[in-house]
1. Conditions: (1) among the polar types (S, T, N, Q); (2) more than 30 Å from A:L191 (Cα to Cα); (3) modelled with pLDDT of 90 or more; (4) surrounded by fewer than 24 Cβ atoms within 10 Å (Cβ to Cβ). B:T185 meets all but one. Number of the miss?
2. Give segment A:485-508 a look and list any residue that's under 21 Å from A:V473 (Cα atoms) and over 22 Å from the mean Cα position of the chain (by Cα), or say none.
3. On the given criteria, is A:L455 touching a helix residue (DSSP H, G or I) at 6+ places or on another chain (Cβ under 7 Å), within 16 Å of A:G398 (Cβ to Cβ) and crowded, with 18+ Cβ neighbours inside 10 Å?
4. Would you please name the residue that is nearest to B:L77 (Cα to Cα), looking only at residues in segment B:257-306 that are among the aliphatic types (A, V, I, L, M) and within 14 Å of another protein chain (Cβ to nearest Cβ)?
5. Give the residue that is farthest from A:R100 (Cα to Cα), with candidates limited to residues of segment A:126-144 that are without any contact (Cβ under 8 Å) to a residue 40 or more places away in the chain and outside any loop (DSSP other than H, G, I, E, B).
6. Are any residues in segment A:430-452 within 14 Å of A:D418 (Cα to Cα) and in contact (Cβ under 8 Å) with a residue 24 or more places away in the chain, and if so, which ones?
7. Any idea which of B:I149, B:I116, B:I140 is over 20 Å from B:I197 (Cβ atoms) and touching a helix residue (DSSP H, G or I) at 6+ places or on another chain (Cβ under 8 Å)?
8. Quick check on B:L175: is it surrounded by fewer than 12 Cβ atoms within 10 Å (Cβ to Cβ) and either of a type in the set (D, E) or on the phi < 0 side of the Ramachandran plot (or both)?
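The values are calculated or read from the model by the stated rules, or taken from the named source; none is laboratory data. Predicted model, so just to flag it, every value in this text is computed and none were measured. Backbone-built Cβ (ideal geometry, glycine too); neighbour counts: all protein chains shown.
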Amino acid sequence: MTGQGAISGRGADPRPVLSVAGLTIQVATPTGAQSVVEDLSFDLMRGETLCLAGESGSGKSMTALAIMGLLPQPMARVAGGSIRLADGTELAGLSEAAFRKVRAKRISMIFQEPMTSLNPVMTIGRQLTEVLLEHGECTASEAPGRALALLRDVRITDAERRLKQYPHELSGGMRQRVMIAMALACNPEILIADEPTTALDVTVQAEVLDLIRALQREHGTTVLMITHDMGVVAEMADRVIVMRDGRQVESAEVGPLFAAPDTDYARRLLAAVPRLGQAPPRPVPDRTQAVVVADDLSVRFDLRGGIVNRVQARVHAVEGVSFRIAPGETLALVGESGCGKSTIGKALLGLVDWTGSIRVAGQQMRGLSPAGLKPVRRNIQMVFQDPGASLDARMTVGQQVAEPLVVHGLASGSELTDRVAALFGRVGLTPDHMARFPHEFSGGQRQRICIARALALRPKVIVADEAVSALDVSVQAQVLDLMRELQQDEGLAYLFISHDMAVVEQVADRVSVMNLGQIIETGSREQVLGNPQHAFTRRLLAAVPVPDPTYHRPPVPPRGAAPVSPVWPIGQEPRRVHLADIGGGHRVAEDDPQLELAHRGYAS
Amino acid sequence: MWGYLFRRLMQSLLILLGISLVTFVLLYLVPADPARQIAGRSATAETVANIRAQLGLDQPFYVQYGRYLGNLLQGDLGRSYLQRTEVSTLIWARMPATLLLMLGAIVAELVMGLTIGAVAALKRNTPIDQSLMVFSFVTISAPQFVVGILLLYVFAVRLGWFPIGGYGTFAHLVLPALTIGLLGTGWYSRMMRSSMIDVLAHDYVRTARAKGLGKLRIVTRHVVPNAILPIIAMIGIDIGMFMSGIVVVESVFGWPGIGQLAWQAIQRVDIPIIMGVTLISACFIVLGNLLADIIAPLVDPRIKLK
């Protein structure tokens, strides 16, 4: 126990619980040691929340790992400086045996990926009791009771049952709650949270952030938060250190930083953050024509079992969805993970089996053979979320951009080279990049290459599935600019699939909100984002972190008991929602008892 | 679960049917004449023809196979041409010896293989790792009869620690089980090493460290249980490798198992015994794989049999 009782998150006691001075971290590379953190100094004050903010490669996570003594061995090491606890314990260069008494007991850490941070073959209960027993917090017979109390502490529903469950049976949000419970098990003075909500849905993110704040108040824990998301910074931080390329760029209280950043870099970083309600106006596309028309589109996946492996149930991933996209228009599909938005994108390209009707550039895609599908696919191409994983590491990027042209027999020889070179120019790269391999490029450049590849066939539609979600904000802004430019020049239509409301507002003409495989609200960007009608849409928008420290987001209302699943036994189907026009093409799902169940507690 | 088992058993029957057909075809095509073998070199052509007719060997292929299959469905593996005994009796009598050898070999290869693999992964890229991997390479590459004879020479002839051959006590089991087990040790140590290295890089190992756990506990509770998951499936396949090894090893050590029985039958073209041993081996392999698949969900809660 720290004995700090109730200390509020904001407004802190002026004694540092952790002092970092002149910290330098080096990583071994083939070309010699390289500093990823250089001469970093800061004090962490008791009870406060300090955010280390910065883009990828800024060294913020390395700093956190160094404090925990968890730097990847043997590549990375603390090359200089000191990390000192309040009682004078020096952590830099501390032996592994001594560090074990610091971890969990005095400093705890939660990580970005709750999906992979728990041992998949150990029950939640065992993983919790393990840390209690390791540090002698209680006896073996008391441990299960303590574990249960910890789970209740992090507001997990059905805590008794969770103890016996395995991580894969829990949702991402619940797993992060378990991680937090584990981290707080021994009442540490400091909690390091490394991008704790980046992998979570925005509504779940809001819940987890609320939880961290509440627990911090209850336990008086000091929080060191690492994040790239300026919205999260504004919501959580008392003080902020902005980092770039391993160095501190700016250190300030959160209010002054957002109101008037001292440095150029911080200014640019903040300017690049998309903010809800500040999107620039967009040209009005001609909606009399349509380049994509989907009608009553459904995608179901069979679940088999039993003696003869019969279909026993179906996942209704997409259920009776209809939409149209005009040339030059962007339709955004938004919703939480698992709502079916990505599946729609795959259906449009014929990557999953679907029923209903899809017309692309006037051509019906239903019933086409693979050979018949090929020319249609020229009109519709896809850009994926992870540009690193969607490029082949063993082909030059030039070959990969040329591949669609070769496959469709559209160009060869010098004409092929010329067209690929032109595509590289089009996405802001140069033709001499063509002979290089994907690992030689940054994330943003790789996504440009993926866009060039999608553009190679001069498609009329591009499905962009979370295409900018993995990119840093400044890079994200550049890629979005590129996409906008291409749209204006070529009249491209986009199906923009995203969970990020602020980005959606930047790019979309129209927005459709999905839940459990169905569209529950659709309309123009102004209608849906500016005047949301459905409880689910409102909840989604309310959860978006606002990059403004003066804004106090109301706590997200608790979720209904069990999330309704899209799995239905054979013979039963989800009830189709009916969209009623409330004026000007703004259509909202009417009350539906079944969906109502899913949203119980959503209405605020 | 039961539906899964039922489907798997049906599939297994099909596999066994296929194996019986392939083996029968191969033996039919072998240029040796069982009737001549039975009659002896000095027998007249008439005697040989009589024996041939008696055994039904003059019938067309499909009749012979059909009759064989018919008997098989009634659990009759046929009679040995030369030993004048039911094949099932012969195999049954030798089964305990083979099962004992199999058990000894599997225990040996798992204990040695998993330990060596785990140590090599934890000492990755050190001289310890490199020597262990050289050792595993040698055990994989060396032919089993060479390993067997070498072990016999060193530990039985020179050192006199173990008997030279035969069957009966634990001491008799050690060298043949080691001979077969060494091959498996090589495979398992390489697989365990790469599986451990893979698991060591997982986020949950970092979580375990962040909890302040000791290295031993991290390895035994978090790394090893995850690292052996892909290896369990291998144990099923391994039983197949084992069956091919016993023919040689049982002969080298004079171990009275079905491998030795097969070896003798092959030399004398005793087709019913060859067929019987082949089918029994196939059963082992099929059952081994089935067993591995049934065990998998018991150790990995994410796997469900459907």
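1. (4)
2. A:E485, A:L486, A:Q487
3. On the way: touching a helix residue (DSSP H, G or I) at 6+ places or on another chain (Cβ under 7 Å): yes; within 16 Å of A:G398 (Cβ to Cβ): yes; crowded, with 18+ Cβ neighbours inside 10 Å: yes.
Yes: the conditions hold for A:L455.
4. B:I295
5. Initially, segment A:126-144 is screened for residues without any contact (Cβ under 8 Å) to a residue 40 or more places away in the chain, giving A:126, A:129-130, A:133-134, A:136, A:138-144.
In the following step, the residues that additionally are outside any loop (DSSP other than H, G, I, E, B) were identified as A:126, A:129-130, A:133-134, A:143-144.
Working: A:R126: 19, A:T129: 17, A:E130: 14, A:L133: 13, A:E134: 10, A:A143: 20, A:P144: 23 Å.
By that ranking, first place goes to A:P144.
6. Of all residues in segment A:430-452, those within 14 Å of A:D418 (Cα to Cα) come to A:430-435, A:452.
Hits for segment A:430-452 are A:H433, A:M434, A:A435, A:A452.
7. Details: B:I116 fails: over 20 Å from B:I197 (Cβ atoms); B:I140 fails: over 20 Å from B:I197 (Cβ atoms).
When all the criteria are applied, what remains is B:I149.
8. On the way: surrounded by fewer than 12 Cβ atoms within 10 Å (Cβ to Cβ): no; either of a type in the set (D, E) or on the phi < 0 side of the Ramachandran plot (or both): yes.
No.
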